[in-house]
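Structure first, commentary second.
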Amino acid sequence: MIARFGLESKAQSGIFEKSNTNMQGTNREQLEDQVGQNLTLDPQDWTQMRQLGHQMIDDVMDYLENIGQQPVWKPIPDEVKHFLATDIPQEPQDIDSIYQEFKQYIFPYTKGNIHPRFFAWVQGTGTPLSVLADMLAATMNPNVTIGEHASLYVDQQVVNWCKQMLKYPAEASGILLSGGSMANITALTVARNHQASVRQEGLFNVGSQMTLYCSAETHSCIQKAVEILGLGAEAVRKISVNAQYEINTLELIECIEADLAAGHRPFCVVGTAGTVNTGAIDPLEELWQICQRYQLWFHVDGAYGALAKLDPQYAPALQAIEKADSVAFDLHKWLYIPYEVGCTLIKNAEVHRNAFAITPNYLLQEKRGLAGGLESINNYGFELSRGFKALKIWMSLKEHGLAKYAAMIRQNNLQAAYLGQMVENAPELELLAPVSLSIVCYRYIHPELSEAELNALNREILIQLQERGIASPSSTLLQGRYAIRVCIVNQRTKKADLELLVQATLQIGAEQVALFLAPKTLSVT
Ligand SMILES: *Cc1c(COP(=O)(O)O)cnc(C)c1O
């Protein structure tokens with residue numbers, strides 16, 4: 001029926017002549033035979049598939065329930081790397097043996113960010129229910145952009161919940177994206193297009209350099225976004241930070257003034273709500289006022305810290321997010337949702353839409369039928385195909401309720417404060433930055449070691465913490481000093497995990513100091 005309908009309409013338009021031979025040169029009987037094979041990728045043996053599924057769920061839940069007893073991380077043996085470099089399979093393989101391979105070669109060598117003692121970068125843990133939610137989303141497998149189907153309403157509802165979490169205006173628009181980087185570039189696209197009409201003629205006619213302001217501690221994705229937006233890395237004015245790693249607002253004002261005097265075109269200030277290095281929060285209220293004064297777009301990169309607005313301790317410092325023209329934040333960090341999902345909220349929905357809306361013939365919207373329903377999400381971002389990432393958020397928020405998430409975020413912040421206290425109480429340890437949000441930067445110190453030796457010592461301590469599978473902090477350099485950097489966006493971390501981290505640091509540190517000092521002692525004797 002469908003094929004015939006298609007043929008007729010094409011014939012009517014005069015593009016194709018009817019004929020007995022199709023484009024592959026087969027005649028009608030051959031074609032019927034071939035089509036009659038009815039190839040499919042669905043299993044022949046549904047019972048086996050079902051049993052395998054049950055087995056996987058049992059294994060996964062056992063694993064998650066006991067994750068704390070696993071090493072946080074282990075090195076990948078060469079044998080595994082060779083196995084994972086073999087050529088594309090041509091022949092089918094039994095699904096049970098594929099699962100065995102997964103268990104042997106892939107599963108044990110996880111990054112570890114679901115483990116209670118994973119503290120590296122800013123990486124969330126996920127939850128058991130969201131594992132199941134992802135399975136349900138994959139089962140429905142909708143393309144969540146256009147059309148009249150429930151997942152679009154779930155997506156919309158979750159975006160509205162995102163606004164409510166941040167107390168952002170209900171009239172704002174928003175879009176779920178793969179993460180903070182995409183969320184930031186989406187917002188900065190809107191900011192650029194709002195401040196200069198570039199959609200038709202590009203940057204060609206802007207006539208002067210458009211400049212963006214952020215601190216030297218701003219995430220690298222902001223510069224990348226500015227480069228991709230065609231403004232060039234030189235358009236990014238990296239303002240210095242104070243001792244708390246927050247943007248120096250006096251220098252910011254001077255820089256804007258100087259750019260105006262030079263005939264440039266300042267268009268946007270990016271404030272960071274929780275820097276990756278130290279968790280610093282820029283003075284957002286002050287930044288907002290500066291933006292008001294100079295008519296600049298105020299964007300907040302809250303990829304890590306925006307959700308700390310739910311913690312009463314940090315709510316005041318983050319309150320100006322409510323006034324920002326746009327805010328980007330991640331749900332795979334501090335909402336503990338599995339990868340990938342971030343969100344951009346834009347205060348002025350019309351300006352947001354004006355930056356992206358375009359409607360080709362094959363995406364026409366209808367009032368009724370499958371192509372009816374909500375406005376296409378593609379009018380608010382670049383991605384056309386989108387997965388059903390909203391479902392895991394929807395189910396998770398229902399499972400626990402927002403108050404529990406607020407308590408979890410608060411707990412992570414308190415855990416960082418507690419770790420900071422343990423560091424300050426240990427004479428062998430030193431804090432390298434004020435503890436802010438859930439990030440603690442510390443190092444092992446020893447009076448007989450130089451700064452260069454301390455850097456080498458702490459690098460070794462960090463690697464041993466990881467290689468022995470004890471804990472996984474990451475590192476950063478703060479004013480040239482190598483820091484062991486702990487970031488807790490982890491719903492599984494317990495107080496004892498932090499105590500173990502401190503003990504292990506002290507123990508490995510002492511072992512290593514003995515090794516560092518040994519050659520010196522030798523050379524003296
Ligand atoms: C993580 C992070 C980003 C990047 O977000 P992704 O989800 O990794 O793309 C940007 N800015 C800050 C402050 C971040 O912490």
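The rows are residues; the columns are (1) part of a loop (DSSP other than H, G, I, E, B); (2) open to solvent by 10 Å² or more (accessible area, probe 1.4 Å); (3) at negative phi; (4) charged (D, E, K, R).
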position: Lys103; (1), (2), (3), (4): no, yes, yes, yes
position: Phe107; (1), (2), (3), (4): no, yes, yes, no
position: Lys111; (1), (2), (3), (4): yes, yes, yes, yes
position: Gly126; (1), (2), (3), (4): yes, no, no, no
position: Ser130; (1), (2), (3), (4): no, no, yes, no
position: Leu136; (1), (2), (3), (4): no, yes, yes, no
position: Val144; (1), (2), (3), (4): yes, no, yes, no
position: Trp161; (1), (2), (3), (4): no, yes, yes, no
position: Pro169; (1), (2), (3), (4): yes, yes, yes, no
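In this structure, Gly174 does satisfy being open to solvent by 10 Å² or more (accessible area, probe 1.4 Å), touching a His at 6+ places or on another chain (Cβ under 9 Å), under 30 Å from Lys392 (Cβ atoms) and small (Gly, Ala, Ser).
Scanning segment 469-493 for residues that are touching a Pro at 6+ places or on another chain (Cβ under 6 Å) and in a loop (DSSP other than H, G, I, E, B) yields Gly469, Arg492, Thr493. Taking each residue of segment 314-342 that is touching a residue at least 40 places away in the same chain (Cβ under 8 Å) and within 14 Å of the ligand (Cβ to nearest atom) and looking for partners that are open to solvent by less than 10 Å² (accessible area, probe 1.4 Å) and among the aromatic types (Phe, Trp, Tyr) with beta-carbon atoms closer than 6 Å, six or more apart or interchain, yields Lys333/Tyr304. Pairing residues of segment 254-279 that are within 23 Å of Asp325 (Cβ to Cβ) and modelled with pLDDT of 95 or more with residues that are among the charged types (D, E, K, R) and away from the ligand (no atom under 16 Å from the Cβ), at Cβ distances under 6 Å and at least 6 apart in sequence or on separate chains, gives Cys255/Arg237; Pro266/Asp259.
Any idea which of Ile247, Ile228, Ile253 is open to solvent by 20 Å² or more (accessible area, probe 1.4 Å), farther than 17 Å from Gly381 by Cα and of a type in the set (Val, Ile, Thr)? Even if it seems obvious, please write down each step before you answer.
Details: Ile247 fails: open to solvent by 20 Å² or more (accessible area, probe 1.4 Å); Ile228 fails: farther than 17 Å from Gly381 by Cα.
Every option except Ile253 fails the conditions.
From Ser215, Ser208, which residue is of a type in the set (Gly, Ala, Ser) and open to solvent by less than 10 Å² (accessible area, probe 1.4 Å)? Lay out the reasoning, then the answer.
Numbers: Ser208 fails: open to solvent by less than 10 Å² (accessible area, probe 1.4 Å).
Sole residue among the options that is of a type in the set (Gly, Ala, Ser) and open to solvent by less than 10 Å² (accessible area, probe 1.4 Å): Ser215.
With the condition kept exactly as written, say whether any residue in segment 177-186 is more than 10 Å from the ligand (Cβ to nearest atom), in contact with a Lys or Arg (Cβ under 8 Å, 6 or more places away or on another chain) and open to solvent by 30 Å² or more (accessible area, probe 1.4 Å). Checking segment 177-186: not a single residue is more than 10 Å from the ligand (Cβ to nearest atom), in contact with a Lys or Arg (Cβ under 8 Å, 6 or more places away or on another chain) and open to solvent by 30 Å² or more (accessible area, probe 1.4 Å). For the residues Ala317, Ala308, the requirement of being open to solvent by 10 Å² or more (accessible area, probe 1.4 Å) and more than 21 Å from Thr189 (Cα to Cα) singles out Ala317.
Restricting attention to segment 146-158, the residues that are open to solvent by 10 Å² or more (accessible area, probe 1.4 Å), part of a helix (DSSP H, G or I) and in contact (Cβ under 8 Å) with a residue 40 or more places away in the chain total 4. For a quick check of your reading of the model, give me the residue pairs whose first member lies in segment 190-217 and is under 30 Å from Leu477 (Cβ atoms), whose second is among the small types (Gly, Ala, Ser) and crowded, with 17+ Cβ neighbours inside 10 Å, with beta-carbon atoms closer than 6 Å and at least 6 apart or on different chains. So the pair list comes out as Thr211/Ala235; Leu212/Ala235.
All conditions in (1) more than 30 Å from Ser197 (Cβ to Cβ); (2) in contact (Cβ under 8 Å) with a residue 24 or more places away in the chain hold for Leu287, with the sole exception of (1).
The values are calculated or read from the model by the stated rules, or taken from the named source; none is laboratory data. Predicted model only: the values in this text are computed from it and were never measured. Please note: Cβ atoms are built from the backbone with ideal geometry, for glycine as well, and neighbour counts cover all protein chains shown. The protein model used for the area step is the full one, side chains on, heavy atoms only, and it has no ligands, DNA or RNA in it. Shrake-Rupley method; radii C 1.70, N 1.55, O 1.52, S 1.80 Å.
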